[in-house]
1. Please identify the pairs in which a residue from the range 75-97 that is of a type in the set (D, E, K, R) has its Cβ atom under 8 Å from the Cβ atom of a residue that is surrounded by fewer than 16 Cβ atoms within 10 Å (Cβ to Cβ) and at pLDDT below 95, counting only partners at least 6 apart or on another chain.
2. Exactly one condition in (1) buried (at least 22 other Cβ atoms within 10 Å of the Cβ); (2) at negative phi is not met by V144; state its number.
3. Does T172 satisfy the condition of being of a type in the set (S, T, Y), assigned by TED's automatic domain parsing to the domain that holds K304 and over 18 Å from G245 (Cα atoms)?
4. Name the pairs: first residue in the range 231-243 and surrounded by 14 or more Cβ atoms within 10 Å (Cβ to Cβ), second residue polar (S, T, N, Q) and assigned to a helix (DSSP H, G or I), Cβ to Cβ under 6 Å, at least 6 apart or on different chains?
5. Can you give me the number of residues within the range 94-118 that are touching a strand residue (DSSP E or B) at 6+ places or on another chain (Cβ under 7 Å) and assigned to a helix (DSSP H, G or I)?
6. Just to check your reading of the model, which residue among E76, E53, E62, E91 is charged (D, E, K, R) and under 16 Å from F121 (Cβ atoms)?
7. Would you please name the residue that is nearest to D102 (Cα to Cα), looking only at residues in the range 178-216 that are in contact with a helix residue (DSSP H, G or I) (Cβ under 7 Å, 6 or more places away or on another chain) and in contact (Cβ under 8 Å) with a residue 40 or more places away in the chain?
8. Can you work out which of the residues in the range 283-309 that are in a loop (DSSP other than H, G, I, E, B) and touching a strand residue (DSSP E or B) at 6+ places or on another chain (Cβ under 9 Å) is surrounded by the fewest Cβ atoms within 10 Å (Cβ to Cβ)?
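The values are calculated or read from the model by the stated rules, or taken from the named source; none is laboratory data. From a predicted model like this one, the values you see are computed outputs, not experimental measurements. With ideal geometry, Cβ positions are generated from the backbone for all residues, glycine too; neighbour counts draw on all protein chains shown.
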Amino acid sequence: MTKRIFGIASALFITHVSMLANADGQYAGKKVIYVDSYHAGYTWSDGVARGIEEVFQDTGIELKRIEMDTKRHTSESFKNTAALSAKAEIERFKPDVVIACDDNASKYLVMPYYKNADLPFVFCGLNWDTSEYGFPYDNTTGMVEISMMPQVIKQLGRYAKGNRIGYLGDNTLTSQKNLQNHTDRLNIKYDQIYLVDSFEQWKRMYLELQDNVDMAIILNNAGIPDWDNQKALEFVENNSRIPTGTNNEWMMQFSLLGIIKIPEEQGRWSAQAALKIMDGTPPTKIPITHNKQGKLYFNLKLGKKFGIDTAPAGSIVIEQE
């Protein structure tokens, strides 16, 4: 049974998912909250949720998902209010473990209210490292999310006429952090960089990249509130003149290729860590790790614009006519 209600003092969504198919499950009576920084329908968040639910199936665990919705609502006041609403629901529900996904849950909820608290937290989806939030705490462990962008660029190089690289993404904390780490940690040099707040800006900057670089990273659209998927598809098909790459599955329809992280990996690992904690293992005894899995995707429909008739061996082909 799933039930959605409005949370306290914000547009927070709370979804209740009971994992009681086996009433005699080993963890009957245990409760877990999954705090999603974003919202249902966001591909990454839903993939993490599927991974969690897969591990918890038939365990007897009562699982509740809280959506902070901070991808679509980006003001500081909204994020702070969403965090307070999540905190109120945590205190009401009294979970045994909280799984906190993506940066805003850690920044606005875990760090200010639960550092070294008695309640255990498992974080996931934190981009690159945990130093910004001072992790690990006595009550935390988690999985860091790292990019496979060097592999994406290497694949793009097979189809590009030069080595100038552009970057286009939404103007959000996640995209800013990704960009910084691409340059600082992966030593990627972008020749043109655009972070945008609207669909019209995105289209203008997309055209700029076609004229000024040899390949482009099309990172994310989730923070663009007026994004129009169908118009974006038509625009890309009519204006794409350079190969483009991504590491987000939902951006593959606008990109030639991508090496895509698997959100279910983050969810499964987090749920398994939560089980260990409920079995008595302290979070500090569960080492922080990072994602290791990825899939190569190829947009053959877009590839045909560049005279590419065959996708790379082993790739997942999309948009094939």
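1. Within 8 Å, the pairs are E89/I8.
2. Among (1) buried (at least 22 other Cβ atoms within 10 Å of the Cβ); (2) at negative phi, the lone unmet condition for V144 is (1).
3. yes
4. Every condition considered, the pairs that remain are I242/Q210.
5. Adding up the residues that qualify gives 5.
6. Answer to the check: E91.
7. Restricting to residues being in contact with a helix residue (DSSP H, G or I) (Cβ under 7 Å, 6 or more places away or on another chain) and in contact (Cβ under 8 Å) with a residue 40 or more places away in the chain, the top hit is A216.
8. P287
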